Amino acid sequence: MTADPRALPLEATLYEAARIMRDQGIGDVLVTLSGKLCGLVTDRDIVIRAVAESRDAGLTSLGEVCTAEPVTLGPDDDTDTALRLMRQEAIRRVPVVDDQNRPVGIVSIGDLVIADGTGASPLRDISEAPPNL
C-alpha cells in the first residue's frame, strides 16, 4: 500500500489534479468531501471524460468526472482481498479507508506485484521502475 495518498476536495479542478499527478509521478488522486472519500480520478479519467469531451480543465471540477463511490479496502485487509477486488471489479487501484471512510492509503496493481516477491517478471520490473515524466 502507498500510505498518505494524494487527495483533493470534490470541488477542486482537473487542472489541480493533473498538476499533482505530474509533479508526484502518480496516476490518480482521491476525491474527498469533508475529508471522507467520495471518488477517485485517474489520468485516464481526465483524458476520456474531460479532454475528449473538450471540457475546460481549469473550470471542470473533479466531481464532474471522477468515479464516484469507488470500491475500497480497510487497513487490515490482506493482499489476497485486494487482488480479488481488482479482478472482480476490473480495476487497477483500490483506495484504503479507515472506519470513518477517510483515505489512509491506496493499493495499486504494481504494489501487489512488488509485494508478491516471487522473483523477476516483466510486470514486476515495470512496477518497480521510476515514473516516466
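Derivation of every value follows stated rules applied to the coordinates shown; laboratory data play no part. Just so we're clear, the structure is a prediction, and the values are computed from it rather than from any experiment. Counting neighbours? That spans all protein chains shown, and the Cβs are built from the backbone with ideal geometry, glycine included.
One table, with the values for the structure above:
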{"quantity": "In range of the label at A57: residues from region 2-19 whose backbone nitrogen is under 16 Å from the point 7 Å along Cα→Cβ", "calculated": "12-19"}
{"quantity": "Selection from V94, L40, A18 lying farthest towards where the dipole of region 2-128 points positive, charges on Cβ", "calculated": "A18"}
{"quantity": "Under Karplus coefficients 6.51, -1.76 and 1.60, residue-wise ³J(HN,Hα) of region 48-63 in Hz, glycine/proline x", "calculated": "6, 8, 10, 4, 5, 9, 6, 7, 7, 5, x, 10, 7, 7, 4, x"}
{"quantity": "Contour excess over end-to-end distance, with Cα ends at I109 and R92 and 0.36 nm allotted per residue", "calculated": "5.6 nm"}
{"quantity": "Spin-label model distance (nm) - T67 vs E11, 7 Å beyond Cα toward Cβ", "calculated": "2.7 nm"}
{"quantity": "Estimated dipole of the chain in Debye, rounded to 20 [Cβ of Lys and Arg +1, of Asp and Glu -1, Cα centre]", "calculated": "300 debye"}
{"quantity": "Peptides ranked, highest mean first, by Cβ atoms within 10 Å: ranges 53-65, 27-39", "calculated": "27-39, 53-65"}
{"quantity": "Quarter of Cα convex hull surface for the chain, i.e. mean projection, nm²", "calculated": "8.3 nm²"}
{"quantity": "Neighbour-count order for I109, I114, I46, fewest beta carbons within 10 angstrom listed first", "calculated": "I114, I109, I46"}
{"quantity": "Computed [θ] at 222 nm, deg cm²/dmol, the chain (DSSP H ≥ 4; -39,500 (n - 2.57); rounded to nearest 500)", "calculated": "-9500 deg cm²/dmol"}
{"quantity": "Amide H within-cut-off set for V96, under 5 Å, with H built and near neighbours excluded", "calculated": "L73, V104, G105, I106, V107"}
